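Note sheet for the following structure.
Coordinate-derived values only; no laboratory data. Only a predicted model underlies this, so the values are computations on that prediction, with no experimental measurement involved. So basically every Cβ, Gly included, is an ideal-geometry build from the backbone, and we count neighbours across all protein chains shown.
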Amino acid sequence: KYADPRDRAFIADDNARLSKDLDADYAALGTILQRRGLDIDAITNTVASFGVAIPSWGVGTGGTRFARFPGRGEPRHVFDKLEDCAVIHSLTGATPTVSLHLPWDYTEDMPALRQRATALGLGFDAVNSNTFQDRPGQPLSYKFGSLTHTDAAVRAQAIEHNIDCIRIGQLLGSKALTVWIGDGANFPGQQHLGRAFERYLESTAQIYAALPADWRMLIEHKMFEPAFYATVIQDWGSSLMAAQTLGPKAFCLVDLGHHAPNVNIEMIVSRLVHARRLGGFHFNDSKYGDDDLDTGCIDPYRLFLIFNELVDAQWRKAPDFQPAHMLDQSHNVTDPIESLMTSAIELQRAYAQALLVDRQALSDYQQGNDALMAAQTLKRAFTTDVQPILARARLQKGAAIDPVGAYRRSNYRNECANKRPSAQNFGGGIV
Ligand code: AOS
Ligand code: ZN
Ligand code: ZN
Ligand code: ZN
């Protein structure tokens, strides 16, 4: 039997089974935190205010470079994707926005898309341009690059597409453009490393010039893939140089999977905060490369350490600090809706844990070079089970205490399988 998981009454009904236990757990945790001088309700309210954007490409099965195994009832187009995003937000209360990818999400009637989003209680975060693949009928190919191509005509086409993305984003109420390019070289000598970067700066300057006053441009770096020898914007150094060259509306976007294994990402975050250029995140997790696994599924401590830097920046009132939170994942063996709900919650978990850090004590231990106690101060926060805080934050907002459980009970996926018979033409997701 199908029940609409966005229906408040359905969620309230589901919560009724669980609220008594939650009250007890919440009270117990409240007592523990009180002993540490922390007010649990204040933390719950702060966590409740956290939101992360759902990537439109994340609600379908992503696939790998080898194959894509479509799931049942996948979204057929951007309107279906919005419906799934609304389910995620209704059940978690943590995903009020959607990040679109163009042209994958292109529709003739953008105002209608915006209207539908508003009706569903959703807004739009950064729009992503796509010059890493050719679209059917496109005059010039990106096989050898886009914004950094040796041929000025290809660069012009890529610039034009990015400016189109800004125009479309404006129709949707979006306030940022995320630019990731696959440009680079597969062989030493294939490309002049310096000139390619110069061409990048020239091209992006033209995109930057088209940004509305209240917009940001987010530059996403990535170490490799598809360019396996040298990627033009391969690291945060190149990204920061580009942002600083372009101007105050350009910021760096950190996709967690875009670094070499073992790279200290929280340190990069700290540096970008210092430079006032931390623009936002593509959250995901990885063990090897750009794995795009569910956030927090491999290394939750690393995620916590990143949030520790973010909370520290808030605590210190770092200037120009308002990073966009977005997910960027590829779901191959799970129901994407379940993965995205779980990931949003993992972000809130890391945030809640970071809020528990005794910052004054940490600062004192750091000042006194007490390495052991400084490390323990972080560990103590990280090892606290904040589950009741997360569940209460959801309950307060009319979302589900147990989002995955409620989702499964609603039979939403089954309903989609009936309503969306041939979801074969789902766009994108392999990168
Ligand atoms: C590519 O590796 C990047 O993560 C981009 O953000 C990309 O646009 C997104 O993953 C969709 O493929
Ligand atoms: Zn990304
Ligand atoms: Zn990526
Ligand atoms: Zn990725």
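Given contacts defined as C-alpha pairs under 8 Å and at least six residues apart, what's the relative contact order of the range 306-375, whole-number percent? Numbers along the way, then the final one.
Details: 21 pairs, mean separation 27.8, N = 70.
It rounds to 40 percent for the range 306-375.
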Among beta bridges assigned by DSSP with both residues in the chain, the antiparallel ones amount in percent, to the nearest 5, to 10
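Restricting to DSSP loop positions (anything but H, G, I, E, B) with no more than 14 other Cβ atoms inside 10 Å of their own Cβ, which trypsin sites (Lys or Arg not before Pro) remain in the range 56-124?
Values: sites: ARG65, ARG68, ARG72, ARG76, LYS81, ARG114, ARG116; in loops: ARG65, ARG68, ARG72, ARG76.
Answer by residue number: ARG65, ARG72.
Percent of Cα-Cα pairs more than 19 Å apart in the range 215-353, please. Walk me through the numbers before you get to the answer.
Values: 4742 of 9591 pairs.
Result: 49 percent of Cα pairs exceed 19 Å.
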Let me have the relative contact order for the range 51-358, percent, based on Cα pairs under 8 Å that are six or more residues apart. 18
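If you place +1 on the Cβ of every Lys and Arg and -1 on the Cβ of every Asp and Glu, how big does the dipole about the Cα centre of the chain come out, in debye to the nearest 20? It would help to have the intermediate numbers written out before the result.
Details: 43 positive and 49 negative charges, 64 e Å.
Dipole magnitude for the chain comes out near 300 debye.
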Which links in LYS20/LYS397; LYS143/LYS287; LYS222/LYS317; LYS81/LYS419 stretch past 22 Å when you go from one Cα to the other? LYS143/LYS287; LYS222/LYS317
Please identify the DSSP H helices in the chain that span no less than 27 Å along the helix axis (Cα) and have a mean Kyte-Doolittle hydropathy of 0.5 or more. none
Exposure proxy check on PHE228, PHE66: fewest-to-most Cβ neighbours within 10 Å is PHE66, PHE228
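Taking every pair of distinct Cα atoms and averaging 1/r, then inverting, what Kirkwood hydrodynamic radius in Å comes out for the chain?
Evaluated on the chain, it is 22.5 Å.
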Radius of gyration, Dmax [the range 1-85; alpha carbons; angstrom]: 19.3, 53
